[in-house]
Amino acid sequence: MMKIRVSRAAVVHSLSYQAFVTLATNDNYARGAMVLGKSLRNHKTSKKLVALIGPQMSEPCQAVLKRIFDEVRVVDVLDSGDTAHLDMMKRPDLGVTFTKLHCWTLTHYSKCVFMDADTLVLSNIDELFDREELSAAPDPGWPDCFNSGVFVFRPSLETYGKLLQYCTEHGSFDGGDQGVLNGFFADWPTADISKHLPFIYNLSSIAIYTYLPAFKQYGGNAKVVHFLGKTKPWSYTYDTKSKQISGSEPDTTHPTFLLDWWTLYSSAVVPMLQEQYGDKPFFSGCVACQFSDKVNFESEQDGSCPSFAQALQPGMSSEERKQKWEQGQADYLGMDSFDNIKRKLDSFLK
Ligand SMILES: [Mn+2]
């Protein structure tokens, strides 16, 4: 009888010491982390939530993160006197990468799922903890590499040390953490298929372009959306009155992930930021054009409604756009959005 009780307690203990981990190096990424944390809570995760943050983060942002996450830990590689610091001195170009690798030092958790701050959870994904290190989904650009925006790992100082050593000796073939991790976990593409997470756990909108029929078939099953690329959700502005982002037209036929992000951000995160900032002004990204006295937009000068398109997509010629497309940097949330492409396709098919 006693034995059973002990083992049950051990099980409960190990379950409660699993965590989702994210990283926010500045106030912008902090907004992403807040939305991610909220989305995990909304979908009733039973796991702990941990945010690693950069030392530059403002007090109000730290305060909001502390309300959403169970643990907020400042990670400053330059401040630490350990090997990470020494290795960092040899490769200053890999600063942020070294910061992300710190997640392996969270050894008070037995297993963790790392998620980029530019991801959004659409349903409960606690089942990811059934997977082993290192589990991740294929990268849409090179499927023999995994995308490091979502991955399952086991914190371990031994692994951490080896990762730092690898990082220092080999660097990163893409300049970031994904290159380092794919180099280190080099057998991922071939060794164990159970470590290949389904794409719906790390769905990037880039798939809309590369394989539209598959996106239409499976996109609705998405559990995690990853806003890959330079333009992040928080780079846009949102009209809380018309519920529109950056002048895009409302659409009801297609899952609008960006709108999901803004809906959650404006309803659940902005009120917390407002509380923390108090009377101090801050840029929420939300505008309400119908009430010009409430407009909260940096470039707002004359009290009129700012042009979203102008503010966010400073004049790009179609030639420049084509070039960006071919470099895989489509403006998939703006001019090259699914809706716009669909409209174009439809016009050809008529
Ligand atoms: Mn990312």
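In Å², what does the accessible area per residue of segment 13-198 work out to with a 1.4 Å probe?
It amounts to 41 Å² per residue over segment 13-198.
Could you point to the residue in Gly149, Leu120, His170 farthest towards the positive end of segment 13-198's charge dipole, with +1 and -1 charges on the Cβ of Lys/Arg and Asp/Glu respectively?
Leu120
Lys44 versus Ser194, label points 7 Å from Cα toward the beta carbon: distance in nm?
Going from the Lys44 label point to the Ser194 one covers 2.7 nm.
Indicate, rounded to the nearest 5 percent, the antiparallel portion of the DSSP beta bridges found entirely in segment 13-198.
Once the DSSP bridges in segment 13-198 are tallied, antiparallel ones form about 30 percent.
Modelling each spin label as a point 7 Å along the Cα-to-Cβ direction, I'd like the Ala186/Asn28 distance in nm, to one decimal.
3.5 nm
Per the 1.4 Å probe, what fraction of the accessible area of segment 13-198, in percent, lies on carbon and sulfur atoms?
Values: 3930 of 7590 Å².
Using a 1.4 Å probe with all protein chains present, segment 13-198 comes out at 52 percent carbon and sulfur.
Given the peptides 268-276, 47-55, 224-232, arrange them by the average over their residues of other C-beta atoms within 10 Å, most packed first.
On the way: 268-276: 17.1, 47-55: 21.4, 224-232: 19.9.
Packing order, densest peptide first, comes out as 47-55, 224-232, 268-276.
Tell me, what is the percent relative contact order of segment 13-198, built from C-alpha pairs under 8 Å that lie six or more residues apart?
23 percent
Can you tell me the length gained on complete extension of the stretch Glu169 to Ser267, counting 0.36 nm per residue apart and subtracting the Cα distance?
Value of the extension gain: 30.7 nm.
Run the quick spin-label model on Gln56 and Val74: label points 7 Å from Cα toward the beta carbon, then report their separation in nm to one decimal.
Going by the 7 Å Cα→Cβ label model, 1.5 nm.
How big is the gap, in Å, between the Cα center of segment 194-243 and the Cα center of segment 107-140?
Taking the Cα centre of each part, segment 194-243 and segment 107-140 sit 16 Å apart.
Expressed in nm to one decimal, what extension gain is obtained for the pair Glu132 and Lys162 from 0.36 nm per residue of sequence separation less their Cα-Cα distance?
Working: separation 30, 0.36 × 30 = 10.80 nm, distance 1.83 nm.
Length gained, Glu132 through Lys162: 9.0 nm.
With a 1.4 Å probe and every protein chain left in place, tell me how much accessible area Asp177 has, in Å² to the nearest 10.
Counting only protein heavy atoms, Asp177 exposes about 30 Å² to solvent.
Just to verify a number: what accessible area does Arg31 come out at with the full protein assembly present, 1.4 Å probe, Å² rounded to tens?
10 Å²
Of the listed pairs Lys100/Lys162; Lys38/Lys241; Lys90/Lys162; Lys48/Lys162, which have alpha-carbon separations greater than 18 Å here?
On the way: Lys100/Lys162 14 Å; Lys38/Lys241 22 Å; Lys90/Lys162 16 Å; Lys48/Lys162 26 Å.
Exceeds cut-off: Lys38/Lys241; Lys48/Lys162.
In the full protein assembly as shown, how much of Glu127 is accessible to a 1.4 Å probe, in Å² to the nearest 10?
Counting only protein heavy atoms, the figure is 60 Å².
Between Asp279 and Tyr211, what FRET efficiency comes out of the Förster formula 1/(1 + (r/R0)^6) with R0 = 41 Å and r the beta carbon distance, rounded to 0.05?
0.25
The values are calculated or read from the model by the stated rules, or taken from the named source; none is laboratory data. Since this is a predicted model, take the numbers as computed values, not measurements. Neighbour counts are summed over all protein chains in view; Cβ atoms, including those assigned to glycine, are modelled from backbone coordinates with ideal geometry. Quick note on the areas: whole protein, heavy atoms, side chains included, nothing else; ligands and nucleic acids left out. Shrake-Rupley method; radii C 1.70, N 1.55, O 1.52, S 1.80 Å.
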